[in-house]
1. Once both labels are modelled 7 Å past Cα along the beta-carbon direction, what's the K70-L119 spacing in nm?
2. Could you pull out the trypsin sites (Lys or Arg not before Pro) across region 5-68 that fall in loop regions by DSSP (anything but H, G, I, E, B) with no more than 15 other Cβ atoms inside 10 Å?
3. Which residues' amide hydrogens lie under 5 Å from the amide hydrogen of I144, considering only partners 5 or more residues apart or on another chain, with H built in the peptide plane?
4. For a quick check of understanding: with a 1.4 angstrom probe and all protein chains in place, what accessible area in square angstrom does I43 have, to the nearest ten?
5. Connecting C-alpha atoms closer than 10 Å in a GNM of the chain, tell me which of P117, P20, P149 has the biggest fluctuation.
6. What ranking of V71, V63, V169 comes out by heavy-atom accessible area, probe 1.4 Å, highest first?
7. GNM, the chain, Cα, under 10 Å: largest mean-square fluctuation among G23, G153, G122?
8. Determine the order of S38, S26 by accessible area, beginning with the largest, at a probe radius of 1.4 Å.
Amino acid sequence: MAYKTPESIKECIQSFKKLPGVGERSAMRNILHMLAWSEDDIIQFAHSISKLLHLGQCQKCGVYCAETEKVCSLCESEERKSQKTLCVVESFTDFMAIENSEKFGGVYHILGNVLNPLLGIGPEELKISKLVNRVKEEKIGRVILAINPTVEGEATCSFLYETLNSYCVVERIGFGMPIGGSLEFLDAQTISTALQNRKPMSSI
């Protein structure tokens, strides 16, 4: 008779496989590792995952925050707002990469994606109008586009420049950001260099 894998392990494997880069074998390795944990560790792990259900998103910039918070601490910070500088990023991981570099002191705006007509992602899906309204309402003087230099990213930057340049100075993240690179994989020094060497955009 062949071994029959317990249903609880099968369910865990399917759950782990939803994570990026995790396949059947790596899922099984993780589960076997967790089976050596104490009961308290497993309960704590499950409790930590369940708490993700109670996360909210900042109504201004889009970063994750406590469900009870409508606006995150960065958007509420007078010190941050006084800079009148807004950094536009593609994702939460890109936001974290720049914030962890400790080289930017303004506020952020997360697009959530980049323009991609083939996938049906246009200005409405990215809520560009919300970004424009924010720039005007908060009297933002400088927008830094820290968007990954992919084909779609470059097209998004061009569109944002045409949309925002009449309201503020629009700059593009500079040297140190390799073509085709991703902000979340860069070290703090590289991100710092890219921010320091940003350049004003011009119409293409």
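1. Taking the simple label geometry, K70 and L119 are separated by 3.1 nm.
2. Within region 5-68, the qualifying trypsin sites (Lys or Arg not before Pro) (loop, at most 15 other Cβ atoms within 10 Å) are K17, K18.
3. L86, C87, V88, E171
4. 100 Å²
5. P20
6. The most accessible residue leads, giving V169, V71, V63.
7. G23
8. My answer, sorted largest first, is S38, S26.
The values are calculated or read from the model by the stated rules, or taken from the named source; none is laboratory data. Nothing here was measured: the structure is a model prediction, and the numbers come from that model. A quick note on method: Cβ atoms are made from the backbone with ideal geometry, for glycine too, and the neighbour counts reach across all protein chains shown. For accessibility, only protein heavy atoms count, side chains too; no ligands or nucleic acids. Shrake-Rupley method; radii C 1.70, N 1.55, O 1.52, S 1.80 Å.
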